[in-house]
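The values are calculated or read from the model by the stated rules, or taken from the named source; none is laboratory data. It should be emphasised that the depicted structure is a prediction, and the values quoted were computed from it without experimental measurement. Please note: Cβ atoms are built from the backbone with ideal geometry, for glycine as well, and neighbour counts cover all protein chains shown.
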Amino acid sequence: MQLTGKTCVVTGAARGIGFALAEIFVAAGARVVLSDVDAAALAEAVEKFPPGMALGVAADVSKASDMQRLADEATTAFGGIDVWINNAGLARHRWIPDYTEAEIDLMLDVNLKGTILGSQAALQRMIPRKAGSIVNIISTASLRAVPSETVYCAAKWGVRGFTQGLQEEAAPHGIRVIAVLPGGVATGFWTDAAKRPAPLEKFLSAAQVADAVRRLLEMDDWVTPRELVLRSLADSDFSVKPQ
């Protein structure tokens, strides 16, 4: 897919990976609909783009009505949706006995339910056109369990399972579904996720993740890169320490 002239919807786009995705898509000539639950931060983000290239739509990914409205506004503004990025996500890192019910609901609603509802809204607009790409930004937390990240892992394992089913349902309609599983990424995500400091200097940058997504989307439309695991060399979660 050539991104020039295409319309891309990105959730969780006011900052972090979402904003980096919007930047790289606009640089490639695409029009971008940025969405975020933080209306003030979203307005500031949209102002950083050239007129006519970006639209901000404040929305909550955990609400079906908001995702339908987001898809409708994107279609009205730019005539269709070519790419939908389910990027919105958050974490609360606690030991299992310390989670509140509200924190559990929040992680499941935003990470898992939000991806399902966003995908529904995207598919409903893409199926009649027999074309489109959906990208789910997941996490390497969907590959293994991590102490103090159990609920986040549960949500991301759910997203990965959902994505695999979505790939099979979407393919007959000419729609690609791509899973991107970043390891640690140096964004503000960690401020709310954990009380302990994170080794941000060892992590990927949001721009590096966005560049990987762009490259996947720019592959021939007949090719579906189903899943990419993306980590920095210094991310030691999976590695064996040298002797």
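Just a few scattered comments:
- Single residue of GLY114, GLY158, GLY89, GLY132 found to be over 21 Å from ALA13 (Cβ atoms) and not β-branched (Val, Ile, Thr): GLY158
- The set of residues in the range 1-21 that are outside any loop (DSSP other than H, G, I, E, B) and within 19 Å of THR76 (Cβ to Cβ) comprises THR7, CYS8, VAL9, VAL10.
- Among residues of the range 55-97 being under 30 Å from ALA145 (Cα atoms) and of a type in the set (S, T, N, Q), the one that is surrounded by the fewest Cβ atoms within 10 Å (Cβ to Cβ) is SER62.
- Where helices (runs of 4 or more DSSP H) fall entirely within the range 102-206, none has at least 3 residues that are out of contact with any Phe, Trp or Tyr (no Cβ under 7 Å at 6 or more places or on another chain), within 29 Å of GLN2 (Cβ to Cβ) and at pLDDT below 95.
- Members of the range 105-126 found to be in contact with a helix residue (DSSP H, G or I) (Cβ under 9 Å, 6 or more places away or on another chain) and surrounded by fewer than 16 Cβ atoms within 10 Å (Cβ to Cβ), listed by number: GLN120, GLN124
- Test: residue in the range 146-158 that is within 30 Å of ASP220 (Cβ to Cβ), of a type in the set (A, V, I, L, M) and out of contact with any Gly (no Cβ under 7 Å at 6 or more places or on another chain): no
- Pairs where the first residue, in the range 120-146, is in contact (Cβ under 8 Å) with a residue 60 or more places away in the chain and more than 16 Å from ILE17 (Cβ to Cβ) and the second is surrounded by fewer than 24 Cβ atoms within 10 Å (Cβ to Cβ) and among the small types (Gly, Ala, Ser), C-beta under 6 Å, 6+ apart: ALA131/GLY174
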